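To start, the structure itself, in structure tokens.
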Amino acid sequence: MLSPSPVEKPVQSEAPARPLLSWLPLADFFHLDTRSLALFRVFLGLLLLCDYTDRLPDLHAHYSDEGIVPRTSLPVSVPLSVHVLSGSVWWQGALMAAGIVFAVFLLVGWRTRFALFLSWFLLISLHARNPAILAGGDGVLRLALFWSLFLPLGARFSVDAARSAAAGGEAAPDRVVSLGSAAFILQICLIYWFASAWKWDPVWRTEGTAVFLALNVDHLTTRLGRWLLGFPDLLRFLTFATVVLETVGPVCLFLPFATGPLRVFAIVSFVLFHAGLGLCMALSNFAWVCMAVWLVLLPTWFWDRLGAWLRTPERLGLTVRYDATDAGCVRGIAYLRTFLCLPEARWIPSQEAPPFLARKGAAWAVVDREGKTHYPFEAIAYLLRLSPLWWPLGALMRWAPLNRAAAGLYQRLAARPASALAATPAPPEPLVTPLGLIENTIVLFCLAYVTAWNVRTLDYVPIQSDGTVGEPPLRRYGHALKPYFPAQVNNFGIALALDQSWDLFAPAPGRSKGWYVVVGTLKDGRTIDLRRDGAPVSWDRPELISATYPNGRWRKFMQNLPNPYYAPLQGYYAAYLCREWSAAHPAEEQLQVVEIYFMGEDFQPDGTFAPARKILMYRHLCFPEAQGPSK
């Protein structure tokens, strides 16, 4: 072997050039953990179930042609909707029932992608049927469903995952990094950055009175919110803190150090922020939806530390032995592994029934850390007690009557013919499939589209009190968007319900408040309050105005009545009241006139509110019966 001469030096290999921005942990910035996606999927299913449950009592009033908003009153540009195909109650009820079914599928993760797509479509269809009752949480929910279409929500803790495991499929990875995950995270950031950008009024930036004004919007304020009005210094601090959190909070997701802890800090901050909003203001589903959206960002760092904290000697010493030749047993074990949340357990298959199982006539058993064997049905109860998720159910099964009932159910299931349990499973499908060219193109286009939409919402033309605007209007959210896009491009965003604006209590909260009094004059000359089930008319201020509405949908509808965009609904609402009263009362008690009054209190320069003044918004003659607004 030759050695270099004294005057020669060995050739040193050059270090490879570092890629540009290689020091940025981009995967940490834009990853979503599949466990977080599973948690989010469960919350999505629950939120949809609660949403449909909240709407069901008002099928007739809010969604049928005999209600307040007939289909003829809807705007031309609406999202894609099958709800507008019929104005009958049974059609609306059938579609809501379908929505509930797919929400349950989403909750348990069965055919997750299919259930997710139909849940999104039915939700935007439902929203298009009556835009007058939509709140901020509805917009966040439908956007969350849309961006979730590009994420593997069924990869963990789902029926899909259990079916894949039973068929021999590979377990899903902990982390997912894709254009879909990046778009979901950036959409969350857009919500808060533009909510902050909208807050340019001095009441937010310099005066610090915005939260005080917002809590004086009595149709939203709860008892806790009203109590906080007695602490002006705290409200001033909360005003500035809101702007700072909405501006800086999302930045914590993209700092190149301590990415896991900083992300958890941002999530906790926003969850507490929305929990506070929900306690102080009746914002329908807004707080719950926003908290669920933030939980999807829980990083792998969080789950690893949570898993370490949950490890106990009992869980570490857990062993499950089962007969791998019994297809029904393999399938049941796959479901147990998927849903029990016991990653420390050892699941040991045998290609023939182990002797200790054969002696008991069992297909599987649990061996605890002390070597004691638990056979079904005791094994299931033991696993439930060890599960960090299902331990309350395991504790309940110690109660003798419930234990006997569950044991009887198990015995009946175990006695089913083998053919009923041993069907050949379908070949496993990948739980996490990389997005292809078409999906990535859609994601990039839609992300650029919603970013541009948000930018142009900051420059708008206010709609005047007479409903006129200075430029060709695209009327959304009480103002007209300037025509930066061609009309066809606007229609794309509206059709897919991607249109959005985050002017929540911005540029400044309203400076007037009050309550409604709807006076009905009967045939015999008596006057009644139609909002209080025919009680005598009272002009006194209610003790808690937010409690005078049956639910958040009615609250939003009444809140929208003064809006010039929704002004025609005043007549439809009055006509609806006439029809409903007439159908439920005899001829001598028929309504003759309906008058909608707003008792308004305006904010004065000295920081107080002026005494209430009676404002007649609309007067409707019930006979002859009008099918729309009175002329």
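The values are calculated or read from the model by the stated rules, or taken from the named source; none is laboratory data. Note that the structure is predicted; figures quoted are calculated from it, not measured. Please note: Cβ atoms are built from the backbone with ideal geometry, for glycine as well, and neighbour counts cover all protein chains shown. Please note that ligands, DNA and RNA were not included when accessible areas were found on the heavy atoms of the full protein model with its side chains. Shrake-Rupley method; radii C 1.70, N 1.55, O 1.52, S 1.80 Å.
Points to keep in mind about this one:
- Classification of the range 120-193 by its C-alpha gyration tensor yields an oblate form. The axis ratio a/c (a ≥ b ≥ c) is 1.5 or more, and b/c is at least a/b.
- Spatial separation of Cα centroids for the range 76-120 and the range 283-353, in angstrom: 30 Å
- Against the rule of thumb 2.2 N^0.38 Å, how large the Cα Rg of the range 198-256 comes out: 1.28
- Of the trypsin sites (Lys or Arg not before Pro) found in the range 228-317, those that fall in a DSSP loop while having at most 13 other beta-carbon atoms within 10 Å are 311.
- Sulfur and carbon atoms: percent of accessible area, the range 97-181 [1.4 Å]: 67 percent
- Prolate/oblate/rounded call for the range 59-98, Cα gyration tensor, a/c under 1.5 rounded: oblate
- Cβ-derived FRET efficiency at R0 41 Å, residue 547 paired with residue 308, nearest 0.05: 0.35
- The residues of the range 212-306 present an accessible area of 43 Å² per residue when probed at 1.4 Å with all protein chains retained.
- The HN-Hα couplings worked out from phi for the range 329-338 by the Karplus form 6.51 cos²θ - 1.76 cosθ + 1.60 (θ = phi - 60°) are 5, 4, 5, x, 4, 4, 5, 4, 4, 6 Hz, whole numbers, x standing for Gly and Pro.
- Compared with the alpha-carbon gap, the fully stretched path from residue 433 to residue 240 is longer by 65.1 nm at 0.36 nm per residue.
- Cα gyration tensor category, rounded, prolate or oblate, for the range 68-182 with a/c compared to 1.5: prolate
- In this simple spin-label approximation, residue 440 and residue 149 carry label points 7 Å from Cα along the Cα→Cβ vector, and these lie 1.9 nm apart.
- Once the chain from residue 247 to residue 368 is taken as fully extended at 0.36 nm per residue, the excess over their C-alpha distance is 38.5 nm.
- A straight Cα-to-Cα reach below 12 Å connects residue 523 with the aspartates and glutamates 588, 589, residues fewer than 8 places away in its own chain not being considered.
- Model label points for residue 88 and residue 375, set 7 angstrom from Cα along the Cα-to-Cβ axis, are 5.8 nm apart.
- Pair residue 117, residue 272: separation of 7 Å Cα→Cβ label points (nm): 4.2 nm
- Applying 1/(1 + (r/R0)^6) with r as the Cβ-Cβ distance of residue 587 and residue 65 and R0 = 22 angstrom yields a FRET efficiency of 0.30.
- Using the Cβ of residue 519 as centre and a radius below 12 Å, the other residues enclosed give a net charge of +3, where K and R count +1 and D and E count -1.
- Residue-span extension gain [residue 395 to residue 489] - 0.36 nm each, minus C-alpha spacing: 28.2 nm
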